[in-house]
Amino acid sequence: MQMNQDIESWLRLGLTEGVGAGALRRLLVAFGDPAEVLAASQLALEGVVKKTVAAGIFQRKVDEEKLARTLKWLEDPLNSLITLADPDYPELLLNITDPPPLLYFKGQRQLLARPAMAIVGSRNATPQGLANADAFAEAASNAGFCVVSGLAQGIDTAAHQGGLRGMSSSMAIVGTGLDLVYPSKNHELAHKLANEGGLISEFPLGTPAMSRNFPRRNRIISGVCHACLVVEATLHSGSLITARLALEQGREVMAIPGSIHSPLSKGCHALIKQGAKLVESIQDILDELHYPSVQPSVGASDRDNGKNEVENIITGDDAGLLPYFGYDSIDMDTLCLRSGLTVEAVSAMLLNLELEGLIGSLPGGKYQRIR
């Protein structure tokens, strides 16, 4: 079919040795489409790209095994190649300064047309941060946004899980080929995203996890979205790269504040000082984007609305310890001091509260309230 021939031309050009995204865009501007590029003389090609690249195109220096493997991969109905000429190419991404000419996609293509919101943050998140990411993602999804993140451990994982539970699902932008899952711990999540959401990569099949690819991945995360929400981040977090790219692309940047004592709050606080919107509920985001209101009970900070109901299910007086937590991390000695209870009593109550999912344990013998 003609479509298959078109796709093969895009792949042949994209998989040619030395042809990067920038060179491919210049060639498309000069010649119109991949078939015309492949039919051009070496001299004509040298007028657009370096001689070595022009020679590679003219001499068909393509990894034929990788090409055949990719064409085979495309036979799966969940898999597709989305090019700059494809009507399903995300409109917002098309308008960034360096849109990827080729996107490998696995999942439900209709999600590409939905408004999207990026939710990003630390890989080593606190229990509160994970709960916030999950809750905000579900609320954003139910408000009509497809939740976009990077499939990393921590905040990304929680964001995808919350987005998948909502009505508008979730998509992951990854830094490897789509035939690989990184990190491997998220294999089950990737499978769920493929069936109910989406996975996107600009990297050919077989591309392993390499550190230089993840900042490039981040420009796509911000590029496909109307807004970027940072949940938890240190001052050196890769999430701040995504936030900076979002600003450069004209997207709204928002951040959830946290404890002044937590290193994982400092990145968010820095963004807020620089003008990012401080977010406490999903309604703050919808107001900023001028989207219709949702029920005020959704959103991470509003989980406390159901606190009393949850506490009623807890056996004994364990919930009576919760008011002594605040929302910063705390150690057992401080809890004993605040509550006036013995170490034995507090220890037993902490175990029950953790089993109920109301608190989480942190390194260094500390605990943090989640709900």
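Keeping to segment 250-287, report how many residues are of a type in the set (Val, Ile, Thr), open to solvent by less than 20 Å² (accessible area, probe 1.4 Å) and under 26 Å from PHE214 (Cβ atoms). Break it down into steps so the answer makes sense when it comes.
Of segment 250-287, the ones of a type in the set (Val, Ile, Thr) are 253, 256, 260, 272, 279, 282, 285.
Restricting the remaining residues to those that are open to solvent by less than 20 Å² (accessible area, probe 1.4 Å) gives 253, 256, 279, 282, 285.
Next, only the ones that are under 26 Å from PHE214 (Cβ atoms) stay: 253, 256, 279, 285.
Of the residues in that region, 4 qualify.
Which numbered condition trips up PHE325, out of (1) open to solvent by less than 40 Å² (accessible area, probe 1.4 Å); (2) at pLDDT below 85; (3) under 19 Å from LEU229 (Cβ atoms)?
(3)
Can you tell me which of LEU67, LEU102 is touching a Gly at 6+ places or on another chain (Cβ under 7 Å) and farther than 30 Å from VAL231 by Cβ?
LEU102
Any chance you could count how many residues in segment 19-28 are among the small types (Gly, Ala, Ser) and outside any helix (DSSP H, G or I)? Reasoning before the result, please.
First, pick out the residues of segment 19-28 that are among the small types (Gly, Ala, Ser): 20-23.
In the following step, the residues that additionally are outside any helix (DSSP H, G or I) were identified as 20.
So the answer is 1.
If you take the residues of segment 344-371 that are under 11 Å from PRO127 (Cα atoms) and of a type in the set (Ser, Thr, Tyr), which of them is surrounded by the fewest Cβ atoms within 10 Å (Cβ to Cβ)?
For segment 344-371, the residue satisfying everything is SER361.
Consider LEU341 carefully, then state whether it is over 28 Å from the mean Cα position of the chain (by Cα), crowded, with 17+ Cβ neighbours inside 10 Å, closer than 26 Å to GLY364 by Cα and modelled with pLDDT of 85 or more. Reasoning before the result, please.
Values: over 28 Å from the mean Cα position of the chain (by Cα): yes; crowded, with 17+ Cβ neighbours inside 10 Å: yes; closer than 26 Å to GLY364 by Cα: yes; modelled with pLDDT of 85 or more: yes.
Judged against the criteria, LEU341 is a match.
Of everything in segment 245-274, what is assigned to a strand (DSSP E or B) and closer than 26 Å to PRO363 by Cα? Give them in sequence order.
Step one: of segment 245-274, the residues assigned to a strand (DSSP E or B) are 252-255.
Of everything in segment 245-274, just one residue is assigned to a strand (DSSP E or B) and closer than 26 Å to PRO363 by Cα, namely ALA255.
Please pick out the residue among ARG244, ARG251 that is free of Cβ contacts under 8 Å to residues at least 12 places away in the same chain and not β-branched (Val, Ile, Thr). Walk me through how you get there before you give the answer.
Numbers: ARG251 fails: free of Cβ contacts under 8 Å to residues at least 12 places away in the same chain.
So the residue among ARG244, ARG251 that is free of Cβ contacts under 8 Å to residues at least 12 places away in the same chain and not β-branched (Val, Ile, Thr) is ARG244.
Scan segment 8-18 and give yes if some residue there is free of Cβ contacts under 8 Å to residues at least 24 places away in the same chain, of a type in the set (A, V, I, L, M, F, W, C), surrounded by 16 or more Cβ atoms within 10 Å (Cβ to Cβ) and not in a loop (DSSP other than H, G, I, E, B), otherwise no. Explain how you work it out, then say what you get.
Here is the first cut: in segment 8-18, the ones free of Cβ contacts under 8 Å to residues at least 24 places away in the same chain are none.
No - not one qualifying residue is present in segment 8-18.
For the structure I just gave you, tell me whether THR234 is among the hydroxyl-bearing types (Ser, Thr, Tyr), more than 26 Å from PRO127 (Cβ to Cβ) and surrounded by fewer than 24 Cβ atoms within 10 Å (Cβ to Cβ).
Working: among the hydroxyl-bearing types (Ser, Thr, Tyr): yes; more than 26 Å from PRO127 (Cβ to Cβ): no; surrounded by fewer than 24 Cβ atoms within 10 Å (Cβ to Cβ): yes.
No, not satisfied.
Here is a yes/no grid of residues against (1) on the phi < 0 side of the Ramachandran plot; (2) under 29 Å from the mean Cα position of the chain (by Cα); (3) modelled with pLDDT under 80; (4) outside any helix (DSSP H, G or I):
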{"site": "VAL298", "(1), (2), (3), (4)": "yes, yes, yes, yes"}
{"site": "SER301", "(1), (2), (3), (4)": "yes, yes, yes, no"}
{"site": "ASN305", "(1), (2), (3), (4)": "yes, yes, yes, no"}
{"site": "VAL310", "(1), (2), (3), (4)": "yes, no, yes, no"}
{"site": "THR315", "(1), (2), (3), (4)": "yes, no, yes, yes"}
{"site": "LEU321", "(1), (2), (3), (4)": "yes, no, no, no"}
{"site": "LEU337", "(1), (2), (3), (4)": "yes, no, no, no"}
{"site": "LEU350", "(1), (2), (3), (4)": "yes, no, no, no"}
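This table checks each residue for (1) more than 19 Å from PHE136 (Cα to Cα); (2) part of a helix (DSSP H, G or I); (3) over 13 Å from the mean Cα position of the chain (by Cα).
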residue: GLY206; (1), (2), (3): yes, no, yes
residue: ALA209; (1), (2), (3): yes, no, yes
residue: ASN218; (1), (2), (3): yes, yes, no
residue: LEU229; (1), (2), (3): no, no, no
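Here are some residues: ALA172, ALA159, ALA152. Which one is part of a helix (DSSP H, G or I) and open to solvent by less than 70 Å² (accessible area, probe 1.4 Å)?
Working: ALA172 fails: part of a helix (DSSP H, G or I); ALA152 fails: part of a helix (DSSP H, G or I).
ALA159 is the lone residue from the list that is part of a helix (DSSP H, G or I) and open to solvent by less than 70 Å² (accessible area, probe 1.4 Å).
Quick one: in segment 184-202, which of the residues that are closer than 20 Å to LEU93 by Cα and open to solvent by 10 Å² or more (accessible area, probe 1.4 Å) is nearest to the chain's Cα centre (by Cα)? Working first, answer last.
Keep residues of segment 184-202 that are closer than 20 Å to LEU93 by Cα, which gives 197-202.
This time we only want the ones that are open to solvent by 10 Å² or more (accessible area, probe 1.4 Å), so: 199, 202.
On the way: LEU199: 10, GLU202: 15 Å.
If we take residues in segment 184-202 being closer than 20 Å to LEU93 by Cα and open to solvent by 10 Å² or more (accessible area, probe 1.4 Å), then LEU199 is nearest to the chain's Cα centre (by Cα).
Could you tell me which numbered condition LEU247 fails, if it satisfies all but one of (1) buried (at least 18 other Cβ atoms within 10 Å of the Cβ); (2) of a type in the set (A, V, I, L, M); (3) closer than 26 Å to GLU91 by Cβ?
LEU247 satisfies every listed condition except (1).
The values are calculated or read from the model by the stated rules, or taken from the named source; none is laboratory data. What you see is a predicted model, and the numbers here were worked out from it, not measured in a lab. Note that we place each Cβ from the backbone using ideal geometry, even for glycine, and neighbour counts take in every protein chain shown. The area values use the complete protein model at the heavy-atom level, side chains included, leaving out ligands, DNA and RNA. Shrake-Rupley method; radii C 1.70, N 1.55, O 1.52, S 1.80 Å.
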